[in-house]
Amino acid sequence: MSIKEDSNKALAKISLPLREVKVWLSCTQWRHFEFEITNPTDVIIGFHLKSTRPSAINVHPTYGFIEKRKSAVVKIHFPKVDEYNFTIRADRLTVLLAVKPEDLSFSEPSLLWDGVSYLPDIYARRCIIVNYKIPFENETIKRIRKSSSKGKTATEQQNNGQKKQCHQDAETNAAAQASKTVQSNDNEEESEEEGSTEDVANNEKSEAEQDKQ
């Protein structure tokens, strides 16, 4: 099998864990997500990431090598946006993949793609479509969500308080019922003791009369 065939076979085994992602951009904070590029082959794979909107999509690392049967984590960052100046359109993340040449240093993955030092004859392309959820998160939406979250927390605390009170009431009623039962049993025992005493007295009186006769 030729080198080109080996490279094609190796690159065909590499896929991305997702093909599309939907991002809710924010006017107040950065957004982030990450994914892994796995190399299941017995050769070292070089990769290069780029996007259709570099000013709004930051990728790290941009270049890298993935060792045999290992993976690399790629992090994607979306800076805060100006909701009035951001054009809504689908973007694309592109991952270029190629087999590492033997004479290329592992510490210089960018040289594989500079078009001068090296230019891979065989490479693969994998893409992730980036869509955006609108409206973007702004201060107004953030306050509404925060207020809603506080209201939900207060309701949960109130419900927990009611449940706790019901539990305490149930325990109080159970204790009162148990006390009532004990008192009832004590009264029955006292009645039995009194009855037993009267029987003994009557028996003694009858025996005394018989002795007199």
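Bear in mind these aren't lab numbers, they're just calculated from the coordinates by the rules spelled out. Because the structure is a prediction, the values reported are computed rather than measured. All Cβ positions, even for glycine, are placed from backbone atoms using ideal geometry, and neighbour counts span all protein chains on display.
Fully extending the segment from GLU83 to ILE144 would add 20.2 nm, taking 0.36 nm per residue of separation and subtracting the current Cα-Cα distance.
Spin-label pair LYS75-LEU16: with each label point 7 Å from Cα along the Cα-Cβ axis, the two points sit 1.9 nm from one another. When the pairs LYS13/LYS133; LYS9/LYS75; LYS9/LYS70; LYS75/LYS146; LYS4/LYS50 are compared against a 21 Å limit on Cα-Cα distance, LYS13/LYS133; LYS9/LYS75; LYS75/LYS146; LYS4/LYS50 fall above it. Shown here for segment 72-109: trypsin sites (Lys or Arg not before Pro) in loop regions (DSSP other than H, G, I, E, B) with at most 10 other Cβ atoms within 10 Å, namely ARG89.
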